[in-house]
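Here is the structure we will look at.
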Amino acid sequence: MFIIKNPYELQCKIKELKLQGKRIGVVPTMGALHEGHLTLVRESKKNNDITIVTIFVNPKQFGPNEDFNSYPRTFESDKNKLEKEGVDFLFYPDINDMYPDGYATSVEVESGIVNKLCGAKRPGHFKGVTTVVSKLFNITLPDNAYFGLKDYQQYLIIRKMVKDLNFPINVVGVPIVREEDGLAMSSRNKYLSDEERKDATLIYKSLLKAKNLIESGEKDAQKIKKTILEILTQSKFSKIDYIEIVDPENLEEVSEINKSVLIAVACFFGKARLIDNIVIKI
Ligand code: AMP
């Protein structure tokens, strides 16, 4: 596995490989890799000749009071995991490689899908994401790019950006990978104490309960949200950020459930802000 820090160097290598007709897959990450990330890597390996994983904790997507400084950084163990998976290139730039002095450009999707859910709670977050992902796309020149559906809104926004800006890239959404007890895998799960970790399983339990109610005929979104709230607040550690039931295409709020919906939850357990979601097909 080649480990490259310099964007220009990686871009040159990938250009050569593309001239040889190689199909390129990229998996953008912030590191602290777990099975969720590795599932994206395996998808890329299956469908491409060359797989690039990027590890970059992007300062532009963190708010001033968020966890940029404490975000887990586990480079050695990440590197070993990626080597085992047979990854071809690991792109691991420093902040100055990505945003040198005088850097002044942003990419922003101006669509209703940006200001809802996490976008409403984390102003500027998705602008940071679309800016860094545009740069990563230009550096890695992928045919296919892999994103997890745990970050469902991010996936929708990136798809929109790719379409609007004519990036010649196929964006692939990969289903959520969970721990055995249902908790969605996340680098931020590392923040949880043992007790918080136990209670965090309430998130997926509440989503499954919601699914069950809807499948039994409940159509009132308020009632479903109330049930989710009741389950999450069984924990003394939980602090709800949002519980939303929305259209999976445009993220508009749904009040009466008579077609497929996305139920999305963001909830703090201690200092860990965890997100999860479920799409219920009707
Ligand atoms: P992150 O390192 O958290 O920015 O995540 C990098 C990529 O991995 C994103 O596309 C995430 O959606 C994806 N990802 C993170 N956790 C999971 C998971 N539990 N299941 C599937 N994909 C995930």
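Bear in mind these aren't lab numbers, they're just calculated from the coordinates by the rules spelled out. This structure is a prediction, so every number in the text was calculated from the model and none was measured. Don't worry about glycine lacking a Cβ; one is built from the backbone with ideal geometry, like all the others, and counts go over all protein chains shown.
Annotations
- Distant alpha-carbon pairs in region 4-81 (separation over 15 angstrom), percent: 64
- Between residue 181 and residue 253, the modelled label-to-label distance comes to 3.3 nm, taking each label 7 Å out from Cα in the direction of the beta carbon.
- Rg/Rh for region 125-266 (Cα atoms only, Rh after Kirkwood) is 1.01.
- Ascending count of other beta-carbon atoms within 10 Å, so fewest first, for 57, 132: 57, 132
- Set of aspartates and glutamates with alpha-carbon distance to residue 84 below 16 Å, sequence-local pairs under 8 removed: 35, 43, 76
- Applying the criteria of a DSSP loop state and at most 14 other Cβ atoms within 10 Å to the trypsin sites (Lys or Arg not before Pro) of region 192-282 yields 219, 236, 259, 271, 281.
- Between the helical axis of 152-164 and the longest alpha-carbon principal axis of the chain there is an angle of about 50 degrees.
- Legend: calculated FRET efficiency, residue 233 to residue 47, from the Cβ-Cβ distance at R0 = 51 Å, rounded to 0.05, equals 0.75.
- Candidate aspartates and glutamates - alpha carbon under 18 Å from residue 225, same-chain residues fewer than 8 apart omitted: 215, 241, 244, 247, 252, 253, 256, 276
- Relative contact order (%) - criterion: Cα under 8 Å, at least six apart; region: the chain: 18
- Among 258, 166, 212, the largest mean-square fluctuation in a Gaussian network model of the chain (Cα springs under 10 Å) belongs to 166.
- Compared with the rule-of-thumb size 2.2 N^0.38 Å for a compact globular protein, the chain has a Cα radius of gyration ratio of 1.02.
- When each of 116/219; 163/205; 223/259 is checked by Cα-Cα distance, pairs over 24 Å: 163/205
- Highest-MSF residue in the chain out of 245, 214, 263 [GNM, Cα springs under 10 Å]: 214
- Counted over the chain, the DSSP beta bridges are approximately 50% antiparallel.
- Sorted fewest first by neighbouring Cβ atoms within 10 angstrom, 147, 68 come out as 68, 147.
- Virtual spin-label span in nm between residue 195 and residue 67, 7 Å along Cα→Cβ: 1.9
- Listing 12, 267 from fewest to most neighbouring C-beta atoms within 10 Å gives 12, 267.
- Reachable aspartates and glutamates from residue 127, criterion Cα separation under 13 angstrom, eight or more residues apart if same chain: 108, 110
- For region 35-139, the Kirkwood hydrodynamic radius comes to 15.6 Å, computed from all pairs of different C-alpha atoms.
- Two-site FRET efficiency, residue 205 against residue 75, from Cβ-Cβ distance with R₀ of 30 Å, rounded to 0.05: 0.30
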